[in-house]
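Colleague: Here it is, the structure in full.
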Amino acid sequence: MDRDAIVRLDKAHVWHPYTPMDAWQSVDPIVVARAEGSWLEDIDGHRYIDGNSSWYVATLGHGHPRLLRAFESQARSLAHCSLAGIAHEPSARLAEELLAIAPAGLARVFYVDDGSTAIDAAVKMCAQGWRQLGFPHKQRFIALDGAFHGDTVGATSLGGVDVFRRPYAGVTFECVHARFPEASAYDKALSAIGRIVREGSATIAAIFVEPIVQGAAGMRIYAADFLRELRTLCDRHDVWLVADEVFSGYGRTGPMWACEHAGITPDLMCIGKAFSAIVPMAAVLASDRVFSAFGGGRDRAFLHGHTFCGNPIGAALAREVLAIYRDERVLDQVAKKAPVIARAFERLGAAPGVERVRFIGMIGAADLSDGGREGYLGEVGWRVYEEARRRGAYLRPLGSTVYVCPPLTISEDDLERLLAILDESVRAAH
């Protein structure tokens, strides 16, 4: 099909995520035809550096030949079967390999479809687990202001970004949102969440947290000390700590897991996005304490499961992702490239209209002045997006926050080019 035909069909039939569809009718979209490495290519042959790793999934870039071979090989032998009452090699070996590199103390792997369903499964594990441990009143949850844990109803309930949660207020469950630990108010934030947990420990099941960095809130970064204090707080008051590593895991912040910055092990850890690289698949890793709540009879089993739970193709891909991380020393690549991002954002901080910058690992973000419209619904980031598109980069913003989260394997030349395009685009947009 030619470009016009694709766009015509799209605008007639497709409902896009996070998109005002009336305005979409006048948008001239990028029509992607192929992707390789750090690049997207449209149907007319124009190329764009994928500055957001296609919503953080393509940490190894696009079309990695080893992943394509793993996909084809597994599809030929066993593409799918239920994991209910059946075991198969890809899921069994993947679980062993995941637990070998997970924070010490995580002992079981439950497979799901994506990051949001991992969060929902963790919510249900906490609710059912505490009930079966003899604490039926521990059914409430805490998350941070600015949290984003996904789009399903349970994950939305935990969300602390009002613009994403407010439209669904009638169907979400109660969640206490504690103060985000800004550096300028760290002690107040710690004191506030400590008071909430002390006073409500008899009814609180878990604290859900994005370790070290909140993605959708604008790449907000907080001190590792806060995460350590949360672990201590949960231990002291018998509350489970759930780490949402869907975005921050797999080296995005530097180490394999963002929890490593604080040296802690959560009771549950949700992983996804980079997990399987190509197909939708994710997992929840659980401690023995959580897992032990589900023994003792059929009625105490975890009454939850997805059709594609443990999909063999996804499991084979996830194993190959881990192998590539080892063989290509991906985390060492991050250590070399992270300072390049840091220096670029330090320079960008002096540009007109840039209010603040921050960076960690393979993440860099800048908040832009937007005439009082700052936040997710701001417009200035979209002007930067258009400027970047003209220069050959895909940089979808978070409203008035612009950021980069490129593939961890991006070449140094492409990384420098991406950062130069961002700098030029921010200056041109103001």
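The values are calculated or read from the model by the stated rules, or taken from the named source; none is laboratory data. Keep in mind that this is a model prediction, so the values were computed, not measured. Positions of Cβ are generated from backbone atoms using ideal geometry, with glycine treated the same way; all protein chains shown enter the neighbour counts. Surface accessibility is based on the protein's heavy atoms, side chains included, excluding ligands, DNA and RNA. Shrake-Rupley method; radii C 1.70, N 1.55, O 1.52, S 1.80 Å.
Colleague: What whole-number value in Å² describes the accessible area per residue of the stretch 271-378 for a 1.4 Å probe?
Modeller: Computed with neighbouring chains in place, this is 44 Å² per residue.
Colleague: Still on this structure, please answer the following. Limiting things to C-alpha atoms, what are the Rg and the maximum Cα-Cα separation (Dmax) for the chain, in angstroms?
Modeller: 21.6, 64
Colleague: In addition: Rank-order 316-326, 366-376 by packing density, defined as the average count of other C-beta atoms within 10 Å over each peptide's residues, highest first. Walk me through the intermediate numbers first.
Modeller: On the way: 316-326: 21.2, 366-376: 17.6.
The densest-packed peptide leads the list: 316-326, 366-376.
Colleague: Related question: Along each of the three principal axes of the Cα atoms of the stretch 194-290, give the extent in whole Å, ordering the values from largest to smallest.
Modeller: 44, 27, 23
Colleague: Here's another thing I want to ask about it. How much mean residue ellipticity at 222 nm does the chain get from its helices, if each DSSP H run of length 4 or more adds -39500 (n - 2.57) and you divide by all residues, to the nearest 500 deg cm²/dmol?
Modeller: Using -39500 (n - 2.57) per qualifying helix, the result is -12500 deg cm²/dmol.
Colleague: Could you let me know the centre-to-centre spacing of the stretch 1-59 and the stretch 135-191, using Cα atoms, in angstrom?
Modeller: 32 Å
Colleague: Across 5 Å bins from 0, what is the distribution of all Cα-Cα pair distances for the stretch 1-86, in whole percents?
Modeller: Going out from 0 Å in 5 Å bins, the stretch 1-86 shows 3, 11, 15, 14, 18, 15, 12, 7, 4, 1, 0 percent.
Colleague: With just the Cα atoms of the stretch 312-364, tell me how far they stretch along each of the three principal axes, in Å, largest first.
Modeller: 50, 21, 10
Colleague: Roll a 1.4 angstrom probe over the protein heavy atoms and tell me the percent of accessible area of the chain that is carbon or sulfur.
Modeller: Taking all protein chains in place, the chain shows 53 percent carbon and sulfur surface.
Colleague: Could you name the lysines whose alpha carbon sits less than 25 Å from that of residue 124, not counting residues in the same chain fewer than 8 places away?
Modeller: The qualifying lysines are 138, 273.
Colleague: Something else about it: Would you mind computing, in nm to one decimal, how far apart the modelled labels at residue 163 and residue 236 are, each placed 7 Å from Cα along Cα→Cβ?
Modeller: 3.7 nm
Colleague: By average Cβ neighbour count within 10 Å, what is the ranking of 330-343, 282-295, 20-33, 68-81 from highest down?
Modeller: On the way: 330-343: 16.2, 282-295: 20.3, 20-33: 11.5, 68-81: 13.9.
So the order, starting with the most tightly packed, is 282-295, 330-343, 68-81, 20-33.
Colleague: Could you quote the convex hull projected area for the stretch 261-365, Cα atoms only and averaged over all directions, in nm²? Can you show the working numbers first?
Modeller: On the way: hull surface 42.0 nm².
For the Cα atoms of the stretch 261-365, the hull's average projected area reads 10.5 nm².
Colleague: Return the percentage of antiparallel bridges among DSSP beta bridges fully within the chain, rounded to the nearest 5 %.
Modeller: Approximately 65 percent, going by the DSSP bridge assignments.
Colleague: Separate question: Roughly speaking, what is the centre-to-centre gap between the stretch 364-430 and the stretch 284-319 when only Cα atoms are used, to the nearest Å?
Modeller: Between the Cα centres of the stretch 364-430 and the stretch 284-319 lies a distance of 39 Å.
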